[in-house]
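For reference, the structure discussed in these notes is given below.
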Amino acid sequence: MLAYLIRRVGQALLVIAAMATIVFVSIYAVGNPVDILANPNADAKEMAEISARLGLDKPLWEQFGLFVWNALHGDLGRSFVFNEPALKLIIQRMPATLELAFVALIMSIFIGIPLGVWAGLKPDAWSSRTIMSGSILGFSLPNFWIGLMLILLFAVQLKWLPSGGRGPTTSLFGIQVSFLTWEGLRYLLLPAFTLALYKAALVVRLSRSGTREAVLQDYVRFARAKGLSPTRIVLVHVLKNIMIPIVTILGLELGSMIAFAVVTETVFAYPGMGKLLIDSIGRLDRPVIVAYLMMVVVIFVVINLIVDLLYAALDPRVRLQESEG
Amino acid sequence: MYKRSALAVALLAGTMGVATAQDLKVGVASEATSVDPHFHNVGQNNALRRHIFESLVSADESQKPQPGLAASWRNVDDTTWEFKLRPGVKFSNGKDFTVRDVIYSVCRIPLVENSPSNFTIATKGIEDIQTPDPQTLIIKTKGPYPLLPIEMSVFGIISADAFGAGPDLKFGKSGCTGVGTPPKSADFNDPTKAIGTGPYKLKEYTRGTQLVLERNDTYWGNKPAWKTVTFRPITSAGPRVAALLAGDVDMIENPPIQDFDQIKKAGFNVVQGLSNRIIYIHLDQFKGADWKTPGVKGTDKNPFLDKRVREAMSKAINRDAIVERIMGGVAVPAGELLPVPLFGTSPDRKPDRYDPEAAKKLLAEAGYPNGFELVLGSPNDRYINDEKVAQAVAQMLTRIGIKTTVDSMTASTFFSRRNKYDFSAYLAGWGADTGEMSNSLAALVTTQNYAPGFGNTNRGRYSNQKVDELTAKALGTIDDKAREKLLQEASKEAMQDYGIIPLHFEVTPWAFKKTLTYQPRVDQYTLAFQVQPAK
């Protein structure tokens, strides 16, 4: 297990180094931030001063070298537009995005698995057919459109829920979270549902096909022959066996929900990290973009690691293989 | 059940006095990047600044200078200005406002760390500041500097004592003495440090979520109508409109034109006012040796060096059609770089008439009977419907034989490429910060480096000696009447020479509840203290 961990961490460092180079060089090619940041009335001398203040007057290799050196010391640069450490800006936004992603994840599990298992157990019932065609909608409707429609229905027409933004926060272990109060949760419901819909559709599909396969297996037949109650068969024997693909997919999807909830966060004016990224791209705030993408790499690497460990916990065969290799 | 209890609460609030009617929530299109008034010279920061930190001179809806922290000013001679401070003004921490605060603010401006765009633009004309008494400020300039009062409206005044300026505080052109340790930008995000004289005080700043202001009850001027003001950044237009319709905010900036009907039908007001922003097309007129203008095909020469070609292009554009069909009527066709009645404009200067036949003739005369091929550069997320306007212009030019394709891109890429002279022709916009003609002329049509600040945004590199001379002369003329006449002449010269092709002036819309009123501003700022309850 230890050798396995060390190998994974080594791979991760390589990925991070490669990403750092790609991200830095490509963002350099997009445009010169001074052209966007400077007041239009600024003359060439003032533009040059701004370049110097922001360290943009140095050649690319020197800027990159400085970035790497500082990054190794835990400093990912300062935002041009906010004059604060880029990492601090991102971490400030992190609780908002994490809570959105986790609420969405929980929603997709609690919507997706029961519906999927139901559709798998009774594949020919009209209710199952409705679920399956409904899940196609979940896949195919664009995220921003769903978001806007939900806003129009629940915020504009019914006025039940707020149209966007983040609700009042309370402090939990020093972190500002909003899911502890009803008022805060109300702000979370629509964006989380928007984000969850696609994942829920995915979970429905996965758990349906998993269930259909599992009910034909010998162990289910034996369990039935043994006289176990159908509830117990589904909850213990079927559910446990269909979880592996679901956990894999949801793990990856959680990563993308955290890193790239950009569309949903934009539609709901939700102050998460994705919103910060898209705003920073528009303003060519290079340090924030680079720091953000670096952090995303780290998040993905960590999530993948956790998923692999979860595999091992769920499936003894994985454990065996790993100890051999 | 929920609704009923909400109703009960509302009734209760109604009987207890109108607590909620004193709150104003505004959905803004872009968020201020810092509360520090000197950190970033950009629209949204400057709008926020006016709530908390006032300036010596303030600007009204049509950008005319008005008394602010200075009650009056006059020029003693060509290079000396005297400002009399308004007596009895206090900062929100209770300290008196004096000349020291003005000197401190001017001294601090160049010292802001990591500023992406600072305010030295406004203070660079100051040679010396003298203070015969605590209420009088004498500002010396190098040459005649008629725009000094306007420059004084650009930056906010911060408190010298709140940040520990020494008793020996003194202005020096190459560096001040007694400044102490100037505050960091992030300090201002703390309500106890954001001390100004303005009608509002900072209450809370949660980046990305909201910025809350509280009425400054010791404010010297008219008390604003709202006890608390909340600015919520909602950058996408659709969700911003939804927030208004849902009642989450009372007022929004920049509702999209296509949503006007829906907003009005839902019982909200939309107001719109002419802005100081011109949308124009610049043509590459660089005369450098070996310069081959990019994006032009079908000719070896640079066609834009011929005035007839420029004139033909202007005549080929149907400005009324663009305004009517693409801008939904929410724009005004332009005949020069600033709209009437701003300073330096000529009421008789009409937009060029649409005349494709005359345009074709001019092209033929210039030696391009079959036209040529052209690539028109344009941003696609910077100005109202910018890409669509560029497409329309391209079609109109194609109709007279100039086969035009549009190369549109996101603003951050566009401006970098434009500044590298990547386009033979490009569509862009210019907002005149000063609200008068010298700013537009100097930036867009004067020869680069003819004088300091000239031709900064003249990326078509148009050059006309007469325009340069007239503009420079105007900038050295203190007398308002004489200066205005010079600017009118300079503008006419540039327009008649087709140095630049003006398209239209943007119109800025706001939408809000029926219970509010707002006077549209030329500078496009949303100022909460000017939002009034409707009578």
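The values are calculated or read from the model by the stated rules, or taken from the named source; none is laboratory data. The shown structure was predicted, so the numbers you read here are calculated from the model rather than taken from an experiment. Every residue, glycine among them, receives a Cβ derived from its backbone with ideal geometry; neighbour counts consider all protein chains shown.
Below, the figures for the structure above:
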read-out: Test: residue in the range B:472-485 that is touching a Leu at 6+ places or on another chain (Cβ under 9 Å), within 14 Å of chain A (Cβ to nearest Cβ) and at pLDDT below 95; value: yes
read-out: Residues (assigned to a loop (DSSP other than H, G, I, E, B) and out of contact with any Leu (no Cβ under 9 Å at 6 or more places or on another chain)) located in the range B:93-103; value: B:Asn93, B:Gly94, B:Lys95
read-out: Residue in the range A:236-259 that is basic (Lys, Arg) and buried (at least 19 other Cβ atoms within 10 Å of the Cβ) present; value: no
read-out: Residue within the range B:114-124 that is in a loop (DSSP other than H, G, I, E, B), touching a strand residue (DSSP E or B) at 6+ places or on another chain (Cβ under 6 Å), buried (at least 19 other Cβ atoms within 10 Å of the Cβ) and more than 14 Å from every other protein chain (Cβ to nearest Cβ) present; value: no
read-out: Residue within the range B:273-282 that is in a loop (DSSP other than H, G, I, E, B), modelled with pLDDT of 95 or more and crowded, with 18+ Cβ neighbours inside 10 Å present; value: no
read-out: Total residues in the range B:287-305, condition out of contact with any helix residue (DSSP H, G or I) (no Cβ under 9 Å at 6 or more places or on another chain) and part of a loop (DSSP other than H, G, I, E, B); value: 12
read-out: Within the range A:106-125, tally of residues that are among the aliphatic types (A, V, I, L, M) and crowded, with 21+ Cβ neighbours inside 10 Å; value: 4
read-out: Wholly within the range A:192-288, helices (runs of 4 or more DSSP H) carrying at least 2 residues that are in contact with a Pro (Cβ under 7 Å, 6 or more places away or on another chain) and of a type outside the set (D, E, K, R); value: A:262-267
read-out: Failed condition for B:Gly247, given (1) at positive phi; (2) touching a strand residue (DSSP E or B) at 6+ places or on another chain (Cβ under 8 Å); value: (2)
read-out: Scope the range A:131-140; condition surrounded by 13 or more Cβ atoms within 10 Å (Cβ to Cβ) and over 22 Å from the mean Cα position of the chain (by Cα); matching residues; value: A:Ile131, A:Met132, A:Gly134
read-out: Among (1) over 16 Å from A:Leu197 (Cα atoms); (2) more than 8 Å from chain B (Cβ to nearest Cβ), the one test that A:Phe144 misses; value: (1)
read-out: Residue in the range B:486-505 that is surrounded by fewer than 19 Cβ atoms within 10 Å (Cβ to Cβ), without any contact (Cβ under 8 Å) to a residue 60 or more places away in the chain and not polar (S, T, N, Q) present; value: yes
read-out: Residue ID - farthest from the other protein chains (Cβ to nearest Cβ), chosen from residues in the range A:150-184 that are over 22 Å from B:Val212 (Cβ atoms) and touching a residue at least 60 places away in the same chain (Cβ under 8 Å); value: A:Phe179
read-out: A:Ser128, sole failed condition from (1) small (Gly, Ala, Ser); (2) more than 10 Å from chain B (Cβ to nearest Cβ); (3) surrounded by fewer than 17 Cβ atoms within 10 Å (Cβ to Cβ); value: (3)
read-out: Segments classed as helices (runs of 4 or more DSSP H), wholly inside the range A:43-162, with at least 3 members that are of a type outside the set (A, V, I, L, M, F, W, C); value: A:44-53, A:60-72, A:86-121, A:126-140
read-out: Which listed residue is within 14 Å of chain A (Cβ to nearest Cβ), of a type outside the set (Ser, Thr, Tyr), buried (at least 16 other Cβ atoms within 10 Å of the Cβ) and closer than 30 Å to B:Met437 by Cα, from B:Ile109, B:Ile139, B:Ile157, B:Ile129; value: B:Ile109
read-out: Among the candidates A:Val262, A:Val297, A:Val301, residue that is more than 14 Å from every other protein chain (Cβ to nearest Cβ), under 20 Å from the mean Cα position of the chain (by Cα), surrounded by 15 or more Cβ atoms within 10 Å (Cβ to Cβ) and modelled with pLDDT of 80 or more; value: A:Val297
read-out: Within the range B:394-453, considering residues that are of a type in the set (A, V, I, L, M) and free of Cβ contacts under 8 Å to residues at least 24 places away in the same chain, the one farthest from the other protein chains (Cβ to nearest Cβ); value: B:Ala394
